[in-house]
Each structure stands twice: as structure tokens, then as C-alpha cells.
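Down below is the structure, laid out as C-alpha cells.
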Amino acid sequence: MSSRDKVTKASLLVVEDEETISEMLQLNLELEGYEISLANTGPKALKMVNNEYFDLIILDIMLPDMDGITVCETIRMQHNNVPILFLSAKGSASDRIEGLKKGGDDYLTKPFELEELLLRVEKLVLKNQKIMQPQAVSEVYEFESGKIDFAAHECFDKNGERQELSKKEMALLKLLIEHDGETVSRSYILQVIWGYNVYPTTRTIDNFILGFRKHFEQDSRNPIHFHSIRGVGYKFTSKEKK
Ligand code: CA
């Protein structure tokens with residue numbers, strides 16, 4: 001299996017106002033097996049980033065309304081660590097430096113070689129997938145205030161009582177446990193649990209979390225295991241932080 005097979009399903013957002021460039025990028029990246037979404041303004045891009053999970057954003061700096069650097073800065077302020085590859089106009093070194101300072105991961109100067117772009121994209125996507133790699137969790141997971149049997153789709157709460165959870169609740173529980181101690185973004189949860197293009201409201205996830213707290217927290221108002229981080233996502237911690 002070549003490394004490129006592993007990134008086949010990666011979803012990329014291309015933010016570019018010049019149609020010829022965005023069409024060329026879409027065509028060539030789709031040929032590489034990536035799923036491509038397009039945005040031609042900064043505000044459109046930000047809206048999409050809020051609603052969907054992307055493995056990488058290719059972000060032009062010179063955009064109408066809002067420049068790419070501001071777009072990047074806004075994304076980072078939302079604690080979103082999606083890899084960002086800047087495209088900058090030729091000769092504007094200050095743009096590139098500013099872009100990297102504001103949280104970009106890499107940049108390319110226009111006009112660029114397609115092959116170089118593809119290599120940089122692949123590198124960033126693979127690096128990100130490695131970071132997002134879940135920790136291995138056994139079929140029966142036990143922690144201080146509960147036991148979860150992922151194979152049997154059942155769990156035992158803080159009092160040892162058996163609780164039935166829905167498939168989606170189980171999937172969310174597993175995802176959070178696989179990222180024990182890490183914040184999992186709302187958009188990542190939506191992509192993994194609900195899949196592309198089917199988006200329940202944030203309330204749905206909140207309700208799941210409330211349910212988990214009821215089952216597994218001694219004091220559901222002061223949770224020590226299931227945390228919601230406002231505007232960012234959710235986090236499971238198996239142990240109480242002292
Ligand atoms: Ca442009």
C-alpha cells in the first residue's frame with residue numbers, strides 16, 4: 001500500500017477566489033483521491049469550517065472581503081488545529097511570514113508546481129492523521145466510575161447498573177475514550193459519528209454528554225470525566241486532574 005492510499009478519504013477545503021486556480025486544484029486533487037470543497041471568500045470558508053471537518057485547508061492569502069491571514073487567525077482563535085497551507089502571491093515574503101506567524105503550517109508561492117503542491121498536501125494530511133490517531137481501547141473498557149462493553153453495546157454505570165446506549169451514543173463514547181485527555185472538536189465528532197453531510201444540531205451531542213454524566217459522574221454538575229469546552233468540543237478524562 002503506498003502512502004497515498006491512506007489519504008484517499010481526506011477532505012480538503014480550497015479557499016481561492018480565482019476560478020481558474022480553484023478549478024485546477026479541484027480537478028487535480030480529486031484525481032489524487034481527495035474530497036474537495038471550494039470557497040471563494042473568507043467568510044464562506046469560515047462558515048464551512050464551523051460546520052464540517054477538514055483534513056487540510058489550502059488558503060489563498062489575497063481574497064476579497066477578508067484576507068487569508070485573517071481567515072487563518074480566526075480559525076486558530078476557535079482552537080481549530082486543522083493544517084493550513086497558504087498560497088501567496090509571488091514576492092510577498094512578508095505575507096508568508098505573517099501567515100506562518102498567524103498559525104499557518106506551510107506555504108507555496110504562486111505560480112507553483114502542481115507536483116510540489118501535491119507533495120506538501122500529502123505530507124500535511126498524513127501528519128495530521130497521525131496526530132488524530134485514536135488510542136487503542138479494549139472491547140471492555142473500565143474506569144473509576146463505569147464499565148463499557150463496546151462489543152455488547154452495554155455499559156454499567158457508577159452504581160454498577162446496566163444501561164443501554166444507542167449505537168450513536170456508544171460511538172461517541174468510544175471516540176472520546178480513544179482520545180482520553182484530548183479535546184475532540186465538534187466538527188470531528190460530527191464527521192466520524194454522523195458522516196459527511198448529515199449534521200444533527202450541537203444539542204444532540206450535548207444531550208449525549210448529559211446522559212454520560214448522569215451515568216458516570218458522581219456529581220453531574222461538577223463533571224470530572226465528561227467535559228464540554230465551549231465553542232471547541234468535548235473531552236473525556238479517565239482520571240480526575242489533581
Ligand atoms: Ca486570490
In degrees, nearest 10, the alpha-carbon axis of helix 114-131 is tilted away from the dominant principal axis of the alpha carbons of the chain by 20
A student asked for the Cα radius of gyration and Dmax of the range 135-179 in angstrom ought to give 9.7, 27
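Within 12 Å, Cβ to Cβ, of Gly42, how many net charges do the neighbouring residues add up to if Lys/Arg are +1 and Asp/Glu are -1?
Numbers: positive: Lys44, Lys47; negative: Glu16, Asp17, Asp60, Asp65, Asp67, Glu73.
Within the 12 Å Cβ shell, the charges total -4.
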Largest first and rounded to whole Å, the semi-axes √(5λ) derived from the alpha carbon gyration tensor of the range 140-236 read 21, 15, 12
Taking Cα atoms only, helix 167-178 is inclined relative to the longest principal axis of the chain by an angle, in degrees rounded to 10, of 70
Between the Cα axis of helix 68-77 and the main Cα principal axis of the chain, the angle (0 to 90°, nearest 10) is 10
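At 222 nm, what helix-only mean residue ellipticity would the chain give, in deg cm²/dmol to the nearest 500, using -39500 (n - 2.57) for each DSSP H run of four or more? Walk me through the numbers on the way to the answer.
On the way: 9 runs with 95 residues, N = 242.
So the calculated ellipticity at 222 nm is -11500 deg cm²/dmol.
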Projected onto their principal axes, the Cα atoms of the chain stretch, largest extent first, over whole-Å spans of 65, 39, 31
Between the modelled labels at Glu154 and Asn28 (7 Å from Cα along Cα→Cβ) the distance in nm is 5.6
For the range 99-213 the mean separation of alpha carbon contacts under 8 Å (6+ apart) over residue count, i.e. relative contact order in percent, is 13
Scoring only Lys, Arg, Asp and Glu (+1, +1, -1, -1) among other residues with Cβ under 13 Å from the Cβ of Glu30 yields -2
Listed residues Glu52, Glu30, Glu161; largest mean-square fluctuation, Gaussian network over the chain with Cα springs below 10 Å, found at Glu161
One finds the C-alpha centres of the range 75-137 and the range 15-56 to be spaced, in Å, by 14
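I'd like the trypsin sites (Lys or Arg not before Pro) in the range 151-227 restricted to DSSP loop residues with at most 16 other Cβ atoms within 10 Å, sorted by number.
In loop regions of the range 151-227 (DSSP not H, G, I, E or B), the sparsely surrounded trypsin sites (Lys or Arg not before Pro) are Lys158, Arg221.
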The aspartates and glutamates whose Cα lies under 15 Å from the Cα of Lys130, excluding any fewer than 8 residues away in the same chain, are Asp5, Asp55, Glu122, Glu178, Glu182
Computed over all unlike Cα pairs, the Kirkwood hydrodynamic radius of the range 3-131 in Å stands at 14.4
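Here is the link list: Lys123/Lys239; Lys9/Lys44; Lys102/Lys123; Lys102/Lys168. Which ones come out longer than 26 Å on Cα distance? Working shown, then result.
Details: Lys123/Lys239 34 Å; Lys9/Lys44 23 Å; Lys102/Lys123 20 Å; Lys102/Lys168 36 Å.
Table pairs above 26 Å Cα-Cα are Lys123/Lys239; Lys102/Lys168.
Read-outs throughout are calculated quantities, based only on the coordinates presented, and are distinct from any laboratory measurement. Just so you know, these numbers come straight off a predicted model, no measurement behind them. Cβ atoms come from the backbone with ideal geometry, glycine included; neighbour counts cover every protein chain shown.
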